[in-house]
Amino acid sequence: MKLTLHVWRQKNAQDTGGMVRYDVPNVNEHMSFLEMLDVLNESLIEKGQDPIAFDHDCREGICGMCGMMINGKAHGGFPGTTVCQVHMRHFKDGDVIYLEPWRAKAFPVIKDLAVNRASFDRIIAAGGFISVPTGSAPDGNAIPIRKQDADLAMDAAACIGCGACVAACPNAAAALFVGAKISHLGHLPQGKVERDRRALAMVQQMNIEGFANCTNIGECEAACPKDIKLEVIARTNRDYIKAAFTERPDSTSAGAG
Amino acid sequence: MELISNAPTGPIEQSWDKHKFDLKLINPANKRKYNIIVVGSGLAGGAAAASLGELGYNVQCFCYQDSPRRAHSIAAQGGINAAKNYHNDGDSIYRLFYDTVKGGDFRSREANVYRLAQVSVNIIDQCVAQGVPFAREYGGLLDNRSFGGAQVSRTFYARGQTGQQLLLGAYQALERQIGLGAVKMHPRMDMLDLIVVDGQARGIVTRSLYDGKIEVHMADAVILATGGYANVFYLSTNAKGCNATAIWRAYKRGALFANPCFTQIHPTCIPVAGEYQSKLTLMSESLRNDGRIWVPKQPGDKRAPGSIPESERDYYLERRYPSFGNLVPRDIASRAAKAECDAGRGVGETGLGVYLDLADSIQRLGKRTIAERYGNLIEMYERITGEDPYKVPMRIYPASHYVMGGLWVDYNLMSTIPGLFVLGEANFSDHGANRLGASALMQGLADGYFIIPYAIGDYLATAKPAQVAVDAPAAKEAVANATAITKKLLNANGNRTVDSFHRELGKIVWDNCGMARNEAGLKKALAQIPALREDFWKNVRVLGANEEFNQSLERAGRVADFFELAELMCLDALDRRESCGGHFREEYQTPEGEALRDDANYSYVAAWEYQGQDRAPALTKEPLTFNYVKPSQRSYK
Amino acid sequence: MSATAVSLPAGSLHFWQTTVGKKAIMAITGFILFGFIVGHLLGNLQIFLPPEKINHYSATLKSLPALLWGARITLLLAVGLHIWSSFQLWLLQRDARPIKYVKKANLNSTYASRTMLWSGPIILAFLIFHLLHFTFGTVHPGGPFDEHNVYNNVVTGFQVWPVSLFYIVAMIMLCYHLYHGLWSMFQSLGFSHPVYTPWLQRFAKLVAILIAAGNISIPVAVLAGFIKPV
């Protein structure tokens, strides 16, 4: 099949950028979407033109590195699918496809379709963990965990940090990403100790990074390649509100002795 | 060069504890005076960086991805082994040790493997405490499944995303240390060279993938946890960015490279679909718990699988290996699939595939249970192939997946360059000639969480590295070297893309140094690779400049190193005139077609030393002795 | 080695400074306003009874200044906070995506949910008019305003069809606003459940439609001549 692509090209963070049109002949329906871009890039290099920069790594939908808007839909809008898992059999001859990078103040463009998602790492660094230094853990079976809780934690922990939720949200909110981590750790007994501080710290960092608020509209849930549910955002809200009204300042004598 | 393994002697059950006690310590207040570089942020690197940060060292961690959370450990699906014996089925540390040495076809160091089995139990505890949502039973306790090469259920798992969950555990611990300022993270950085001062590893040269800036980072010790080199085959289950550059440049600075020809071909991957194929996707080995592998009995049978009656199917693994059946180790399963396809019984358009059939299990356990166990794998398969495994059997074929070979390290995980430690898949240490399923995650975390924190203290306390300036001559020389390679790639200005060279190289290596090797093929490859490499440096086309986000340039540097590594692989494979584990030399096999080891002549680790660009590398042998698990013909019949 | 688990950076954001806090404020004030809307509707539906009823109702309210002013102040505060929060969030949203997409598709959000920032100001504009129209009587094109005869004020007010039309349009906007806001407030305050939330959403739709229908029935009844001035 033959396709027409309109791709966002931007040399670097300072460049203003714009859409550029490419015709791609000979697309095979068994190719993955990224393989189609590989083929286009190979031909661009042969013609001496700068290939299109896009992030990708594992190409099996788990590393979270890839991601772009395909016709205005994050990862192409196929249920539970990252761009690298989209195959060309979903397209037909003559299709016109628009490719744009994730757009958010907190995800500045590096080049073309590649963006910088370091803001997500900083949110995790603020509180997305359980403090347990190596070697200090009790036996794995010491605390039984209800299967249902372990499953709910796993549902949320499936987040790959790709940023599709932010890209799809009209407010560029990171609520689903933050909620996924808060829910993952919150469903486990091990995560309960730091629950309040985690909610306070992660929400605060999310705001400092410049992600706007959630309006509960659900675009993120539809875009999420790992089917994270809107419910996780309610959990953030619950934990945060509770923490905001119950958390006390650190005791001034803490750590002394 | 003489290789000293530093493996403790005496009763193996006590050797690690005794060794730990003998290791020197660094006073807590002094730890912050030491700088440690960790390259790679996967299970091994991430766990090491986090643990060392917790101890109080100044850690700098580097990765090529945009976040440490994306390291390729994340793609491991099936599980992690641990000798917990929670299921009362006869497991023990000794049995895990025994299975691993035997599974590795008696080409690993016993003391290392015993230690691995020992700390495996701590890993599970650590991960549970970090919030890794392992699968649980209704009673709230941890669930297990079985994996290839073992007759006990010792594999812990988190759906089909175990690697992801373990990595997120390590990543979160690492981010915590980053937040506390103990670790400085450098994402999107390639390590281009190792800086060796007075014989000690003292730093690295990096290139920022954002803007091409080349920088020197100095430290008191350098840890490489950069994963394996399976991408030498071009098509592999590794992530596209996985590369050997860090370990290769370390090799060229004097670290010995051990057993490069020991590569693992994973039996259950989705078959290749076409020329444009950019990577292969693995379907977890755990599927073999509930999937039966078969081919039509009649060669060239092109009927749809559903219309082939039971009597005309050959469940060849169950037939050939009745006691392990579909759960034979990976090397055996892969070769058996190749043998069936070579005999014309392969399925699918290309004939390079066998069926993995879930039908019986679906009937026995119900679709729901199967979906609960493998749901995400089945979805992934369907997305890629457009076929529904609940209705038609999956088609699978072996693919390059993991490498047992890597930089040589002693019992303390230190390479032949003092101060250069190598962890995880990047070293050669624990898996011998074949790795058992669910053991890679175990090794990566064992190295990172529980071994390096002890080993590094001993090194620093003993070696007492002196102050070295950032502009030391060795650093300047390394920068000049890295810059020159980059320049040369940009200036070649030829007419072929990097990927086209990589594809061609991969085909040579796969055809001649893949699932089966022979002398003629290896010699042919050893002639073809240098010729192609020469062509690469003349005719590669890398556009753009160094001072920008330049993905072609990143790839070009990595492929350049794969050329040299491929040659060493073939050389090692040629030199090892026996079959063992993943290394199958067609000349050396039993009448039934199983690998035929030669313990009298080849019971050693082959460690190769770089001698210069145009000189053959020198081989040093570390002899292997087996005091506990006596080498025998591996039998899974 | 620092044993600190999660340390909050200096100058921590206060509850009302975070997006989650602002949304909680919107949810609580939204709930108060919803309560008012329900009460207001129930009171107003007395228009379908003989005129004395609603006039008496109005007189009773005015005879209880503590209640009346208490409610008025609460409502004024709620409206103020609701608007203040939404305005600040709007500023954040504007900044969060400086470069817009060339193409953007919506996958599963409702029209109502995406237009809260439009339905809100329209309702505000209506509210101001509505107060001038029926509370202060300063804008009452249908005839003289008699603060003791609520019944007549309503009927003569709605006999002016453009006024009724504006009223009906505003009520449709209110319907949209409640359609999303009524369940969304629960999400913002942290309640979500795989079984109950879908019911809550259905309930929100039903209530939103009932409220709008109830309100709209009044001008329609007036225009249709079902309710006549006395």
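The values are calculated or read from the model by the stated rules, or taken from the named source; none is laboratory data. Being a predicted model, the structure only gives us computed values, none of them experimental. Cβ coordinates were reconstructed from backbone atoms using ideal geometry, including for glycine residues, and neighbour counts include every protein chain displayed. The area values use the complete protein model at the heavy-atom level, side chains included, leaving out ligands, DNA and RNA. Shrake-Rupley method; radii C 1.70, N 1.55, O 1.52, S 1.80 Å.
The residues A:S136, B:S5, sorted by heavy-atom accessible surface at 1.4 Å with ligands and nucleic acids left out, run A:S136, B:S5 from largest to smallest.
For B:L141, the solvent-accessible surface computed with a 1.4 Å probe is close to 70 Å², ligands and nucleic acids excluded.
From the helices alone, meaning DSSP H stretches of at least four residues, give me the mean residue ellipticity at 222 nm for chain B, per-run term -39500 (n - 2.57), in deg cm²/dmol to the nearest 500. The partial results should precede the final answer.
Working: 19 runs with 239 residues, N = 637.
Per the formula, -12000 deg cm²/dmol.
For the protein assembly as shown, the residue among A:H30, B:A76, C:V220 whose Cα projects farthest onto the positive side of the dipole built from Cβ charges is C:V220. At a cut-off of 30 Å², which residues of the stretch A:66-88 become less accessible once all protein chains are present than in their chain alone, using a 1.4 Å probe? Listed in order, they are A:G72, A:K73, A:Q85, A:H87.
In this structure C:T197 has an accessible area near 10 Å², from a 1.4 Å probe over the protein heavy atoms.
Other residues with beta-carbon under 13 Å from the beta-carbon of B:A135 carry, at +1 per Lys or Arg and -1 per Asp or Glu, a net charge of 0. Largest mean-square fluctuation among A:G127, A:G80, A:G61, in a Gaussian network model of chain A whose springs join Cα atoms under 10 Å apart, belongs to A:G80. Any residues in the stretch A:1-37 that have 50 Å² or more less accessible area with all protein chains than in their chain alone, probe 1.4 Å, and which are they? Buried on complex formation: A:E35.
Taking 7 Å steps out from each Cα toward its Cβ at C:L76 and A:M19 produces label points 5.1 nm apart. Within the straight-line cut-off of under 29 Å between alpha carbons, the lysines reachable from B:K476 are B:K31, B:K33, B:K184, B:K213, B:K252, B:K464, B:K487, B:K488, B:K538, sequence neighbours fewer than 8 places apart in one chain being disregarded.
Quick one: pull the percent of accessible area on chain B belonging to carbon and sulfur, 1.4 Å probe, ligands and nucleic acids left out. Please list the in-between numbers first.
Values: 10330 of 20580 Å².
Reported share for carbon and sulfur atoms: 50 percent.
Based on the Kirkwood radius over alpha-carbon pairs, what is the Stokes-Einstein translational diffusion coefficient of the protein assembly as shown at 37 °C with 0.692 mPa s viscosity, in µm²/s? Stokes-Einstein gives a translational diffusion coefficient of 103 µm²/s. Counting only alpha carbon atoms, the long axis of helix B:367-385 and the longest principal axis of chain B meet at about 70°. Roughly how far apart, in whole Å, are the Cα centres of the stretch C:164-215 and the stretch A:103-180? Cα centroid of the stretch C:164-215 versus Cα centroid of the stretch A:103-180: 32 Å apart. Using every pair of separate Cα atoms, the Kirkwood estimate puts the hydrodynamic radius of the stretch B:348-424 at 15.9 angstrom.
Computed on protein heavy atoms with a 1.4 Å probe, what is the summed buried accessible area for the chain pair B and A, in Å² to the nearest 100?
Working: alone 23870 and 13700 Å², together 31290 Å².
Summing both chains' loss of accessible area gives about 6300 Å².
Before rounding to the nearest 500, sum -39500 (n - 2.57) across all DSSP H runs of length at least 4 in chain A and divide by the residue total; then give [θ] at 222 nm in deg cm²/dmol. Please report the intermediate quantities before stating the final value.
On the way: 9 runs with 91 residues, N = 257.
Only helices count here, giving -10500 deg cm²/dmol.
Quick one: net charge of A:M69's neighbours, Cβ under 11 Å, K/R +1, D/E -1? Combined, the nearby Lys, Arg, Asp and Glu give +3. Given a cut-off of 23 Å, what percent of all Cα-Cα pairs of the stretch A:101-253 lie beyond it? Summing the P(r) of the stretch A:101-253 above 23 Å gives 38 percent of all pairs. Contact order for chain B, expressed relative to its length and based on alpha carbon pairs under 8 Å spaced 6+ residues apart, stands at 21 percent.
What relative contact order, as a whole-number percentage, does chain C give when Cα pairs under 8 Å and 6 or more residues apart are counted?
Across chain C, relative contact order equals 25 percent.
Using the 1.4 Å probe convention, the accessible area of the protein assembly as shown works out to 37 Å² per residue with neighbouring protein chains retained. For the residues C:H177, A:H90, a 1.4 Å probe over the protein chains yields an accessible-area ranking, largest first, of A:H90, C:H177. Size check on the stretch C:93-230: the Cα extents along the three principal axes, sorted descending, read 53, 38, 25 Å. For the stretch B:1-109, the share of alpha carbon pairs falling in successive 10 Å distance bins from zero is 11, 23, 35, 28, 3 percent. Remark: accessible surface ordering of A:D50, B:D198, A:D93, B:D105 (largest first) is B:D198, A:D93, A:D50, B:D105, probe radius 1.4 Å.
Mind pulling the angle between the C-alpha long axis of helix B:551-575 and the longest principal axis of chain B? Nearest 10 degrees, somewhere in 0 to 90. Here the helix axis deviates by roughly 70 degrees. In this structure the amide hydrogen of A:I97, modeled in the peptide plane, comes within under 5 Å of the amide hydrogens of A:T4, A:L5, A:H6, none closer than 5 places in sequence on its chain.
Evaluate the charge dipole of the stretch A:3-111 about its Cα centre and quote only its size in Debye, nearest 20, assuming +1 on the Cβ of each Lys and Arg and -1 on the Cβ of each Asp and Glu.
Working: 11 positive and 14 negative charges, 92 e Å.
Approximately 440 debye in magnitude.
Computed from protein heavy atoms with a 1.4 Å probe, the total accessible area buried between A and C is close to 4100 Å².
List for the stretch B:105-133: residues with 40 Å² or greater reduction in accessible area, all protein chains versus chain alone, probe 1.4 Å? Residues shielded by partner chains are B:D125, B:Q126, B:V128, B:A129, B:G131, B:P133. If you take the Cα centroid of the stretch B:60-78 and the Cα centroid of the stretch B:566-592, the two points sit 32 Å apart.
Average partner chain C-beta neighbours within 10 Å, per residue of B:387-396? Each step should come with its number before you reach the end.
Numbers: counts 0, 0, 0, 0, 0, 0, 0, 0, 0, 0.
Taking all residues of B:387-396 together, the mean is 0.
Ordering B:A48, B:I384, C:A66 by Cα displacement along the dipole of the protein assembly as shown toward the positive end leaves C:A66 in first place; charges were set at the Cβ atoms of Lys, Arg (+1) and Asp, Glu (-1).
With +1 on each Lys and Arg Cβ and -1 on each Asp and Glu Cβ, how big is the dipole of chain B about its Cα centre, in debye rounded to the nearest 20? Walk me through the numbers before you get to the answer.
Numbers: 73 positive and 71 negative charges, 106 e Å.
Value, rounded to 20: 500 debye.
A simple spin-label model places the labels of C:R94 and B:D360 6.8 nm from each other, with each point 7 Å out along Cα-to-Cβ.
On full extension, the segment bounded by B:Q14 and B:Y315 gains 104.0 nm, given 0.36 nm per residue less the C-alpha separation.
Could you tell me whether the stretch B:267-400 comes out rounded, prolate or oblate from its Cα gyration tensor? Rule is a ≥ b ≥ c as square roots of the eigenvalues, rounded for a/c under 1.5, then prolate if a/b exceeds b/c, otherwise oblate. Rounded shape, in that the Cα axes give a/c under 1.5.
Since only A:A142, A:A222, A:I160 are under comparison, the one whose Cα sits farthest along the positive direction of the charge dipole of the stretch A:118-246, derived from C-beta charges on Lys, Arg, Asp and Glu, is A:A142. Once you reduce the stretch B:243-285 and the stretch B:377-453 to the center of their Cα atoms, the two points are 10 Å from each other.
Need one number: % antiparallel among DSSP beta bridges in chain B, to the nearest 5. Once the DSSP bridges in chain B are tallied, antiparallel ones form about 70 percent.
For the stretch A:3-111, the tally of Lys pairs with Cα-Cα distances below 28 Å comes to 9, considering only residues 8 or more apart or on different chains. In the complete set of protein chains, residue-level accessible area for A:V20 is approximately 50 Å², probe 1.4 angstrom. Note on the protein assembly as shown: with charges restricted to the Cβ of Lys and Arg (+1) and Asp and Glu (-1), its dipole about the Cα centre is near 2020 debye.
Looking at the protein assembly as shown, send over the antiparallel percent of its DSSP beta bridges, to the nearest 5. Spell out each step's value before the answer.
Numbers: 58 of 82 bridges.
Among the beta bridges of the protein assembly as shown, antiparallel pairing accounts for roughly 70 percent.
Would you count, across the stretch A:118-246, every pair of lysines whose alpha carbons are under 19 angstrom apart, provided the pair is eight or more residues apart or spans two chains? Summing the qualifying lysine pairs gives 8.
R0 = 35 Å: FRET efficiency of B:D22 with B:K184, Cβ-based, nearest 0.05?
Working: r = 32 Å, r/R0 = 0.91.
After rounding, the FRET efficiency stands at 0.65.
Here the mean projected area of the convex hull built on the C-alpha positions of the stretch A:3-111 is 7.0 nm². Under the simplified labelling scheme, the C:D146-A:D227 pair shows an inter-label distance of 6.6 nm, with each label point 7 Å from Cα along Cα→Cβ.
What does the charge count around C:Y176 come to, taking other residues whose C-beta lies under 15 Å from its C-beta (Lys +1, Arg +1, Asp -1, Glu -1)? Spell out each step's value before the answer.
Values: positive: C:R114, C:K205; negative: none.
Its environment carries a net charge of +2.
Along chain A, the longest continuous region that contains none of the trypsin sites (Lys or Arg not before Pro) in a DSSP loop with at most 13 other C-beta atoms within 10 Å is A:93-257. Determine Rg/Rh for chain B; Rg is computed over alpha-carbon atoms and Rh is the Kirkwood hydrodynamic estimate from the same atoms. Rounded to two decimals, Rg/Rh equals 0.95.
Rounded to the nearest 10 degrees, the angle from helix B:498-513 to the longest Cα principal axis of chain B is 60 degrees.
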